[in-house]
1. Can you pull out the residues in region 57-75 that are under 15 Å from Arg27 (Cβ atoms) and either crowded, with 16+ Cβ neighbours inside 10 Å or free of Cβ contacts under 8 Å to residues at least 12 places away in the same chain (or both)?
2. Just to be sure I understand the filter: pairs with C-beta atoms under 8 Å, separated by 6 or more residues or on different chains, first member in region 1-27 and at pLDDT 85 or above, second member in a helix (DSSP H, G or I). Which pairs pass?
Amino acid sequence: MLAQGGGGGTHQNRSERDSFAGMYAQRLGRLWAVENGLCFGRLDGADQTTLYVGRIGLADDDQRRLLIDWRAPVA
């Protein structure tokens, strides 16, 4: 996002690019903040499911939960 610069495109394109850059920067900041203690627990369900509990919630690109925020009701 940052490599695209601030020049071209319509106002909407620049606004969307800036929004995505902010979102990704915030997500990276959250990941860097918990680098060493990202996961601190595991829940094994009776139905053979496993949930990992940590300081933040994370999902992969397909929106599958990889890490549950410890404050979430499911944790």
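1. The answer is Gly57, Leu58, Ala59, Asp60, Asp61, Gln63, Leu67.
2. From residues that are at pLDDT 85 or above, the pairs are Ala21/Leu2.
The values are calculated or read from the model by the stated rules, or taken from the named source; none is laboratory data. This structure is a prediction, so every number in the text was calculated from the model and none was measured. Neighbour counts are summed over all protein chains in view; Cβ atoms, including those assigned to glycine, are modelled from backbone coordinates with ideal geometry.
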